[in-house]
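Structure first, commentary second.
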Amino acid sequence: MSARTRELFGLIPVSLLVCAGFAAVLMAQSQEASDLTATYGAVFLGLCLLGHLFIRARLPDADPYLYPLAALLAAFGLVMIYRIDAELAREQAQWFVIGLALFCATIYLLPDHHVLERYRYTIAAVGIGLLVLPRFPLIGEQVNGAYLAVKLGPIQFQPAEFAKLAIIVFLASYLRDTRDVLVRARLKPLTATAQALLYGIPALLFVLVVLALGLGPLAAVLLGVFVLSAVTLVRERPSLKHFGPLLLIWGLAMLMLIVIRDLGSSLMFFGAFLALIYVATSRLSIVGVGATLFLGGAAYLGNTVSHVQSRFDTWLDPFDPVLYEATGGSFQIAQSLFAQADGGLFGQGFGQSLLELPGGGTILPAAHTDLIYAVIADELGLFGAAGLVLIYLLFVARGFKTALVASDGFSKLLATGLTAVLALQVFVIVGGVTKVIPLTGVTLPFVSYGGSSILANMVLLALLLIVSDHARRDRDRVGPGGLV
Amino acid sequence: MNRQIVQLFALTLVLFGVLIAFTSRWTVFEAESLEDNQLNRRGLIEQQRVPRGLILASDGDTVLARSEPRGHGDRRVYVRSYPEGETFGHPVGYSYINAGETGIERSANDALTGDLNEFGTIFRELSSGEREGDDVVTTLDPEAQRLATELLAGNAGSIVALEPATGHVRVMASTPGFDPNSVQDPATLRALNRDEGDKPLINRSVQTNYQPGSTFKVVTAAAALDTGKLTPESIVDGSSPQTISGVPLNNAGNVDFGPISFTTALTNSVNTVFARAGEQVGARTLVEYMERFGFYADPQLDYPEGEMIASGVRNSAGRLVKDGFDVGRVAIGQGGEEGQIQVTPLQMAQVAGAVANGGKLVRPRLTERVVAQDGRVQERTTPAQQAQVMKPETAEQLTQMMADVVNEGTGTAAALSDVAVAGKTGTAEVSNATLNQVWFIAFAPVDDPQYAIAVTLEEQPLGTSGGANAAPLAAQVLQTLLGGG
């Protein structure tokens, strides 16, 4: 069976989910299944099929599972959003049409992703520009204290969604160039005295600092990991060239924390950066230094920037009555947990959860964007929610598989970066909703309502498919044994 | 690079595993505690779509709580209203989205919302198409409850009356009170919560620990008689002062009674005799009898768990202790740093009730039956024995001794014209002996006890006593309950 035929079969579960989901929601709301809504389902499936035909024509060798998995997620989201508000679902469907057009355009205009390497500095500049855009007066908009959105007349969009693609493309191409410099050189064994000095002095300093400042266990561990990684790094006697990009990106992430004041998105960007560094250089010491510096910086900002600080407080104790009553306090995360508690193992069924207060208004703020995972857990229970996470896991597995199959460094790093940033985005928002980490306003890819999110993720999917098409075609040409 | 990519995937697996673990934590493992969280109003909101059943007084007629529809169509909700207001505020409680649920509204919530059991609810929804709540008939006597509330007016205190044979609580009055209709306004509720002086939201009948004073001598007497240490005719030393635990103890007014019978000692509430009796019985046995009376545990009342408090000997930190206290002083309703006897009014009514009921303590009840909207009785409470506190003969002896208290002792103010009453007075000095906590516990009629009662008033001026200030209130409530108006 060809890859494309497998892809076509993969769309069958999507059609089943769309039909069953819409029918269940309609029945729960005790409405007749009208022709109009049946049309929505049919149109959605038609669009999926259209996309499939386009891939069949342009990328015949691409991974057959990525596209149906994304369609499954989109169908999931569409049903949930329809259940929350039919009007929003109509808008979401329109965004999917535009998204699919952008998806096709990307594949059409970019037959070879290696072209991107040529424009990497332009792309990086655009990415950083997008990130700081929300801070500009007139167009920038502050939501819950974070600067994540841009408003241009009636159109509101979240530039961070597109910035993540730009940054990944830049990092992938930059690291492909410099990884040879960064890769560990063979080290000469040290004499006993040198070893004692190298490890002894920092250890002594570490103990002194911990005792002098009276650091707590968490801070001590953080500092310990930092010192250890730093020492390992120093032992390799790196030039400033080694540290240059690392410090630059770390500074950028911190700047982002200050500029957009959103822990979730900075975690997403910096996490993807560390993942790429690790894959490119296989050096844990750089990751260790970077991660501890990031966490330290985040902790410092968490104590100084009041918006970030309140996010921390509401995370630690969402049921504190004062925080619960406060504007922008813990009401949202507490309601998220209450909604999940109502779900149980199997959930209450599509359309059965409590969303609206009898007097009007909603009990679950931002149910269609930030908290959509809580609605899913409420209506489909632990099994439904875990199923959704598993779909993401399958998508991520196919993404990494693409990276494994790819033959050149840029393709590998690009596929890894795109996959990692998507996985991190899922972790940041689902982790926020389930109180693993502080809740921040990031969308659930392909599922949450939101135009920018859909468009950006459709481009992400297109890029992955392009990489995959090249990689699998190369592999098939060379044969499973690789280049001999 | 491939090895690193695989490691990265492994890390993703771990992270997503954490997500699933946390999701199961909230949806399954901690779901129950989240549903019980005070801030979680989801259950209440769902319930407001269903008309709650009525809460009725024992006559099955007087409405204590009802649901009134507001809005229409999809927006229709039912809001609680309490026609009797403050009079039944404490036992009935309230049920509002903003304020949560308390009292019978909370303990009988399942019946009131028609949530009998999984299958019953499903069956009913299938057959009638709509969920509806059942009515709850309480054991509260509307006339006696109104009288008790009036009698307490102006004082802080509580009156609890119950039927010893069935455990039915007929009166549960506590002042200062509150109007449950008013707490749907959040500002009012906050003001009531903050009122540290009056504590109007506290149901003193079950939620406040007081020093019982001499009413506790009934418990000591029950232990001394039942263990055979003393008989009503035993001659005991009523001299004053006597040294108890190394410290001299006086009788009230330092009266020296000389050698007297145990019965006379109770009639005159002689401290030294009961302190000696307590020492004779010993702390361990006294605690055992207290436990049989229901001390050292929350009352077994059908009332929300968090809204009741246990009686017993508490140390200065407020913790219940079973030894290491001055048993002589505890035996007369006092104590010291290492242990002071503390009781709720309901507990003292149960003490009187156990004596009245031949030594058998019956579980107290606030709800009598649950009635479906079509008139079928869904559930009826039957008397359940909580403990056999003492032998029937002991109860008979103690009844005669308590009858003497009202006939010729400290409790004559509780006497009724046509019915014989048995009782015991109590006056505890509080706030460094600047104020009195006055008590009276009783039951009537002596030969066939129908009702047991406990009356207590807080912070009465010096010169007041249980006999003069609490006993007359008990007499009036008993008279009303016995139908003498």
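The values are calculated or read from the model by the stated rules, or taken from the named source; none is laboratory data. None of these values were measured; they are calculated from a predicted model. Don't worry about glycine lacking a Cβ; one is built from the backbone with ideal geometry, like all the others, and counts go over all protein chains shown.
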Next on the checklist: Show the residue pairs meeting these rules: Cβ distance below 6 Å; 6+ apart or different chains; first residue within region B:447-467 and at positive phi; second residue at pLDDT below 95.
Outcome noted: B:E459/B:L435
Next on the checklist: So for region A:383-405 (the condition being more than 10 Å from every other protein chain (Cβ to nearest Cβ), outside any helix (DSSP H, G or I) and more than 15 Å from B:I5 (Cβ to Cβ)), does at least one residue qualify?
Outcome noted: no
Checklist outcome for this item: Subset of region A:323-355, residues farther than 20 Å from A:G431 by Cβ, part of a helix (DSSP H, G or I) and within 7 Å of another protein chain (Cβ to nearest Cβ), comes to A:Y324, A:D342
Item to check | Identity of the residue in region B:360-396, among the small types (G, A, S) and touching a residue at least 40 places away in the same chain (Cβ under 8 Å), that ends up nearest to B:Y451 (Cα to Cα) | outcome: B:A395
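Mind checking which helices (runs of 4 or more DSSP H) fall wholly inside region B:229-322 and carry at least 3 residues that are within 17 Å of B:V405 (Cβ to Cβ) and out of contact with any Phe, Trp or Tyr (no Cβ under 6 Å at 6 or more places or on another chain)?
Working: elements: B:262-267, B:271-281, B:283-293.
Fully inside region B:229-322 and qualifying: B:262-267, B:271-281.
Only one residue in B:A317, B:A331, B:A349 is farther than 21 Å from B:L249 by Cβ and touching a residue at least 12 places away in the same chain (Cβ under 8 Å), so which one is that?
Values: B:A317 fails: touching a residue at least 12 places away in the same chain (Cβ under 8 Å); B:A331 fails: farther than 21 Å from B:L249 by Cβ.
Just a single option satisfies the conditions, and that option is B:A349.
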Checklist entry - When region A:428-445 is examined, which residues are found to be at the interface with chain B (Cβ under 8 Å from one of its Cβ atoms) and touching a residue at least 40 places away in the same chain (Cβ under 8 Å)? => result A:V430, A:T434, A:K435
Next on the checklist: What's the number of the only condition in (1) crowded, with 19+ Cβ neighbours inside 10 Å; (2) among the basic types (K, R); (3) within 26 Å of B:R146 (Cα to Cα) that B:R106 fails to meet?
Outcome noted: (1)
Checklist entry - So is A:A71 more than 25 Å from the chain's Cα centre (by Cα) and either of a type in the set (A, V, I, L, M) or exposed (fewer than 13 other Cβ atoms within 10 Å of the Cβ) (or both) or not? => result no
Checklist entry - If you go through region B:76-87 one residue at a time, do you hit one that is under 19 Å from the mean Cα position of the chain (by Cα) and at pLDDT 90 or above? => result yes
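Is region A:309-322 home to any residue that is within 14 Å of chain B (Cβ to nearest Cβ), assigned to a helix (DSSP H, G or I) and surrounded by fewer than 17 Cβ atoms within 10 Å (Cβ to Cβ)?
The initial filter retains those residues of region A:309-322 that are within 14 Å of chain B (Cβ to nearest Cβ), namely A:314-315, A:317-322.
Now drop any that are not assigned to a helix (DSSP H, G or I), which leaves A:314-315, A:321-322.
Subset that is surrounded by fewer than 17 Cβ atoms within 10 Å (Cβ to Cβ): A:321-322.
Yes, because at least one residue in region A:309-322 is within 14 Å of chain B (Cβ to nearest Cβ), assigned to a helix (DSSP H, G or I) and surrounded by fewer than 17 Cβ atoms within 10 Å (Cβ to Cβ).
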Checklist entry - Among the residues of region A:360-378, is there at least one that is at the interface with chain B (Cβ under 9 Å from one of its Cβ atoms) and either within 19 Å of A:V14 (Cβ to Cβ) or aromatic (F, W, Y) (or both)? => result yes
Next on the checklist: Given the condition surrounded by fewer than 20 Cβ atoms within 10 Å (Cβ to Cβ) and assigned to a loop (DSSP other than H, G, I, E, B), answer yes or no: does some residue in region B:186-194 qualify?
Outcome noted: no
Next on the checklist: Restricting to region A:336-351, name every residue that is of a type outside the set (F, W, Y), surrounded by 18 or more Cβ atoms within 10 Å (Cβ to Cβ) and modelled with pLDDT under 80.
Outcome noted: A:G351
Item to check | Set A:I372, A:I391, A:I376, A:I363: member being at pLDDT below 90 and among the β-branched types (V, I, T) | outcome: A:I363
Item to check | Residues within region B:1-24 that are more than 8 Å from every other protein chain (Cβ to nearest Cβ) and under 24 Å from A:L364 (Cα atoms), tallied | outcome: 1
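What about A:D370, is it of a type in the set (D, E, K, R) and part of a helix (DSSP H, G or I)? Explain how you work it out, then say what you get.
On the way: of a type in the set (D, E, K, R): yes; part of a helix (DSSP H, G or I): no.
Considered against the rule, which asks whether it is of a type in the set (D, E, K, R) and part of a helix (DSSP H, G or I), A:D370 comes out as no.
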Next on the checklist: Here are the criteria: (1) in a helix (DSSP H, G or I); (2) crowded, with 21+ Cβ neighbours inside 10 Å; (3) more than 8 Å from every other protein chain (Cβ to nearest Cβ). Tell me which single one B:L44 does not satisfy.
Outcome noted: (2)
Checklist outcome for this item: Scanning region A:432-455 for residues that are surrounded by fewer than 24 Cβ atoms within 10 Å (Cβ to Cβ) and part of a helix (DSSP H, G or I), the one farthest from the chain's Cα centre (by Cα) turns out to be A:G451
Next on the checklist: Among the residues in region B:65-78, are any more than 7 Å from chain A (Cβ to nearest Cβ), closer than 28 Å to B:T166 by Cβ and touching a helix residue (DSSP H, G or I) at 6+ places or on another chain (Cβ under 7 Å)?
Outcome noted: yes
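Looking only at region B:142-162, count how many residues are crowded, with 24+ Cβ neighbours inside 10 Å and not in a strand (DSSP E or B).
Initially, region B:142-162 is screened for residues crowded, with 24+ Cβ neighbours inside 10 Å, giving B:144-145, B:148, B:157-162.
Remaining after also requiring not in a strand (DSSP E or B): B:144-145, B:148.
Qualifying residue count, region B:142-162: 3.
Does B:V50 satisfy the criteria of being touching a Gly at 6+ places or on another chain (Cβ under 7 Å) and within 13 Å of chain A (Cβ to nearest Cβ)? Can you show your working first?
On the way: touching a Gly at 6+ places or on another chain (Cβ under 7 Å): yes; within 13 Å of chain A (Cβ to nearest Cβ): yes.
So B:V50 passes the test.
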